[in-house]
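Structure first, commentary second.
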Amino acid sequence: MNPVPSRDFLEVHPLHQHQPHCKQQCFVFTEIADIELPAEITKFGGGNEKLRCSNGGIPTFNCKKDSCSESSEERPGQSRGRKILLGAGLVLICIAMAGGIPLALQLRSSSLLEARLAFIRRLLTESPLIEGSWKPPSEVVVNKSSITEIRQNHIGAVLWPITVACGAQYLDAVQLALEGIDEAKRITATTDSMHIVESADEMEQTHIRGEVAVLIGISGGHALGTSLAILRSVYLLGARFVSVTSLECTTPWAAAAIRRRDYLIEENVTNSLTDFGKTMLHEMNRLGMLVEISQLSEPAMMSALHSAKAPVLLMNATPLSMCNSTSVASIPDHVLSLLPENGGVILLNLERCGERSLSLREAINTINYVRKVAGVDHIGLGGAPKSYALLLAELARDRVWGNAAIKKLVGGNVMRILREIETLKNRMPLYEEWIPHESIETNSYCRYPES
């Protein structure tokens, strides 16, 4: 605080009057007792003169010691009073916060969830959500409720595996597969909301039109009759992926995963991929068909990952370390870690593990676990607890799941491998081999003997 100017100083230096063009400044005065004055300005003339406090609170010179000591004695009481008031104020604030913050957080959380859901819905109009291993209705005609359920779940495309019972192997499995393809085409023909597609571009165009794209395939190599000719024929009929085996359904050229301890394994069957099995995979690659390997035995999976010329697909799958069940394909971590090298994608079943339904938090933990092991470029969806929109909205709370990452998860990765396999179409040599006779001679094939 500056010292008070003397009368002689004011006579020599008159105060400037306020000019119209100058900005006026306002000052807030406070009680002199609240200001600690430096020692230099409390003494004038070198004597024991102190500042005398006038009634107006403005100091003048030649003040008596008693008058100033009275105000200084009041300062400790004022400080204690302020501390008491401050403490009481803090208590009141805490009480108000205890009741008000949970409600505020609830409102904010609800508001943020709605915002994330709106973001996810908008994102799913731009990129189709591709669901792996879709289960069609039992009736031949798709009713309106089936389409409504797909629409409400924001599904833009489905992978439809044509299922053939393993018991039909060596009997009429090929016929049943052909009938299944015909049934799929008749089912989709009964509605304008579903359309069978054969490429990634067709899938995108179908989504833009507001329809659900359907990619059909064969679930189990036993439905191919150990014949490359049958494989080429089902491709011409519209099948664009083949599961090399179905669960516990080993073929003469590929070993299936066995999860039941009481399962009887036939003698002299392969526990991996045979040379003819690798030939089948290469022909699928040449045709432009996705190779689905989730139900293979572990040695066969490893062999397929190393011998395939294009990215593979794993449907209806989950990490073995998080779920070991016969209802889904449980994939070991070391197999998942090979996906970046191959470029393949795992479509996670996040609905249940065995008979137990997964919670939203468990589903998110599974996604993040696979992302850590295999990478964000190798994950897709094959089922979700409650709804896909809610799952993705909760996932979006994590900053690592931005716009680009979620687009990859919902279908972008599947579209990528579809395009990669299409680039190999007809660029590889045509395979004409037959399966060795000794691989099938012990089975009851109804086959006309060749000369």
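Results for (1) open to solvent by less than 20 Å² (accessible area, probe 1.4 Å); (2) closer than 20 Å to Gly132 by Cβ, shown as yes or no for each residue.
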residue	(1), (2)
Leu281	yes, yes
Met301	yes, yes
Ser327	no, yes
Glu341	no, no
Glu351	no, yes
Gly354	yes, yes
Leu360	no, yes
Ile364	yes, yes
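When Leu159 is tested against (1) surrounded by fewer than 21 Cβ atoms within 10 Å (Cβ to Cβ); (2) of a type outside the set (Ser, Thr, Tyr); (3) modelled with pLDDT of 95 or more; (4) under 29 Å from the mean Cα position of the chain (by Cα), exactly one condition is not met: (1). Restricting Glu248, Glu183, Glu198 to residues that are open to solvent by less than 50 Å² (accessible area, probe 1.4 Å) and either assigned to a loop (DSSP other than H, G, I, E, B) or farther than 21 Å from Leu430 by Cα (or both) narrows the list to Glu248. Within region 412-432, the set of residues being part of a helix (DSSP H, G or I), of a type outside the set (A, V, I, L, M) and in contact (Cβ under 8 Å) with a residue 12 or more places away in the chain comprises Gly412, Asn413, Arg416, Arg419, Glu420, Glu422. When residues in region 278-310 are screened for being without any contact (Cβ under 8 Å) to a residue 40 or more places away in the chain, of a type in the set (S, T, N, Q) and closer than 13 Å to Ala255 by Cβ, 1 of them pass.
In region 227-239, of all residues being in a loop (DSSP other than H, G, I, E, B) and farther than 14 Å from Glu292 by Cα, the one that is most open to solvent (accessible area, probe 1.4 Å) corresponds to Leu237.
Just to be sure before I move on: is Ser297 small (Gly, Ala, Ser), more than 12 Å from Asn342 (Cβ to Cβ) and out of contact with any helix residue (DSSP H, G or I) (no Cβ under 8 Å at 6 or more places or on another chain) in the structure I sent? Considered against the rule, which asks whether it is small (Gly, Ala, Ser), more than 12 Å from Asn342 (Cβ to Cβ) and out of contact with any helix residue (DSSP H, G or I) (no Cβ under 8 Å at 6 or more places or on another chain), Ser297 comes out as yes.
Somewhere in region 213-226, is a residue more than 31 Å from the chain's Cα centre (by Cα), at pLDDT 95 or above and either over 18 Å from Trp160 (Cβ atoms) or open to solvent by 10 Å² or more (accessible area, probe 1.4 Å) (or both)? Checked region 213-226: at least one residue is more than 31 Å from the chain's Cα centre (by Cα), at pLDDT 95 or above and either over 18 Å from Trp160 (Cβ atoms) or open to solvent by 10 Å² or more (accessible area, probe 1.4 Å) (or both). Would you be able to say whether some residue in region 376-392 is small (Gly, Ala, Ser), over 11 Å from the mean Cα position of the chain (by Cα), surrounded by fewer than 18 Cβ atoms within 10 Å (Cβ to Cβ) and modelled with pLDDT of 95 or more? No, region 376-392 has no match at all.
So, Asn365, is that one farther than 24 Å from Leu290 by Cα and touching a residue at least 12 places away in the same chain (Cβ under 8 Å) or not? Yes; evaluated as a whole, the condition is true for this residue.
The values are calculated or read from the model by the stated rules, or taken from the named source; none is laboratory data. Not measured: the values here are computed from a predicted model. Here the Cβ is made from the backbone with ideal geometry for all residues, glycine too, and neighbour counts use every protein chain on show. The accessibility values were calculated without ligands, DNA or RNA, using every heavy atom of the protein model including side chains. Shrake-Rupley method; radii C 1.70, N 1.55, O 1.52, S 1.80 Å.
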